[in-house]
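Here's the structure, in C-alpha cells; my notes come after.
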Amino acid sequence: MNNIERRNEQLRKSVKRNKIVTVIMGIMIAVGFTSCKIDNADNRLKEETEFTVKSVKEISPKGNIGLSGGAWSLIGLIKSGVKNAATDRYQEEFYDDVKRKLSSQNGVLDREDYTKCEITAIGVKLIGENPENVDGYDITKYVKDFEKIRKQGPDAISFALILSQMTGVALPDENEYIKALIRDINEGQRYTDKKSANLAIRAIQGLSYYKNREDISVNANVEKWMDGLSRLQEDDGSMGSCESTAEMIIALTSLGKDPISEKQFIKDGKSLFDGLLLYKTKNGYVNTKGERKRNVVATEKALLALTSMKLQKMGLKLFELEK
C-alpha cells in the first residue's frame, strides 16, 4: 500500500469514527432531552399536588364526614403522599364524626345516598379502621344488597365494586354488579353524552379491576367507552369541566395509562393534565371556565386526579390500599 492509499484508508476510518461519535452523541442528546421532559413533568406534578393539598386543607381544615369537603378531602390528602397532609388528628376527627353520625341516626349514615356510604367506608378503611364494624355498626351493609344498589344507579354500582376491591367486603354476586353497570352505560349511551359522561367515566374506574374478564366483555366495553369519551374531549385538553377532566384522569390512571402521554386523549397537543390546569385559580380550582370563586368539589377532584397521576407512575391506583 503506497502513501496515497494509506492516507485514503486513514481518512475513511476517521470519517467512520466521526459518524459513530455523531450517532452516539445524538442518542445521548435525545435521551437527555426525554429525561429532562420527564423530570419537568414530574416536578410540575409535584408542585401542583402540593398547591392543591394546601387548598383542600383550607376548604376542609377539620376531618368530617361530609361528601363534599369531607370524605373526598380525606382520601385525597392521605393518598397524596404530601407530608402532614392528613395528620393523625385530622383522621381522628373524621372517624369521630362518622361514629357521631351513626350513633345519632341509629347506625345509618344515609338512607338516600348509598354512594356517600361507600365513599365514607373507603375513608374509614384508609385510616386503618374496619368499615364493617364502626362501634358495632356496618356501614357497608347496603353495598351487599344488589337490588338497592342497582336502583340507585351506575355511580352506586361503580363504587360498590371499588369498595369491595379496596376493603375486601364481599359482594353477594359480583358478576351481577358488573353486568348491571355495563348494561346501564350501554343502554343510556352515556359515553357519548356530555351530560352523563361522568357516569361512564366512573364506571371505567369501577371496572378497571376486571379488565381481563373476557367472559363478560369488560375490556371490549371499556375500550368502546374510551373511544366515545375521547370524542367528547375538547381541543384545550379538558372534558368541559374540572370535575369531568379530573374523573377522566382518574379513569385513565386506573387502567395504568399516563394522562400526559396517552395519545387517545391528546387534542391539538393538549393533554388532560393541561386541560385540568385550565381550571386552576390562585387558591384552588373552579368547575367551569369563567367562574371566579373556588369550587369545593372541583378542588377535591383535582387533588384526587393529581394524586392518581403520581400513583400511576408508581404502578398503583388511586382506589387501592398500598401494600
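Taking the centroid of alpha carbons for each part, the stretch 182-258 and the stretch 120-181 are 21 Å apart. Seen from ASN221, the other residues with C-beta closer than 13 Å to its C-beta sum to a net charge of 0, counting Lys and Arg as +1 and Asp and Glu as -1.
Amide H to amide H distances under 5 Å link GLY66 with ALA71, where only residues 5 or more positions off or on other chains count and H is placed in the peptide plane. Length gained on full extension, VAL108 to ASP173: 21.1 nm, using 0.36 nm per residue less the C-alpha separation.
Model label sites at ASN133 and GLU92, defined 7 Å from Cα along the beta-carbon direction, differ in position by 2.3 nm.
For ASN287, the residues whose amide H sits under 5 Å from its own are ASN295, ignoring neighbours fewer than 5 places away on the same chain, with H placed 1.01 Å from N. Both numbers refer to the Cα atoms of the chain; Rg and Dmax are 24.4, 104 Å. At an R0 of 22 angstrom, the distance between the Cβ atoms of SER261 and LYS46 translates into a FRET efficiency of 0.80. Each of ASN84 and LYS151 was given a label point 7 Å from its Cα along the Cα-to-Cβ line. The distance between the two points is 4.9 nm. The H on the amide N of GLU262, modeled in the peptide plane, is under 5 Å from the matching H of no residue at least 5 residues off or on a different chain. Only Lys, Arg, Asp and Glu carry charge here, each on its Cβ (+1 for the first two, -1 for the last two); on that basis the chain has a dipole of about 1580 debye about its Cα centre. In this rough spin-label picture, where each label sits 7 Å from Cα along the Cβ direction, the ARG183-ARG231 distance is 2.5 nm.
Only the coordinates and a few stated rules stand behind these numbers; no lab work does. Keep in mind that this is a model prediction, so the values were computed, not measured. Please note: Cβ atoms are built from the backbone with ideal geometry, for glycine as well, and neighbour counts cover all protein chains shown.
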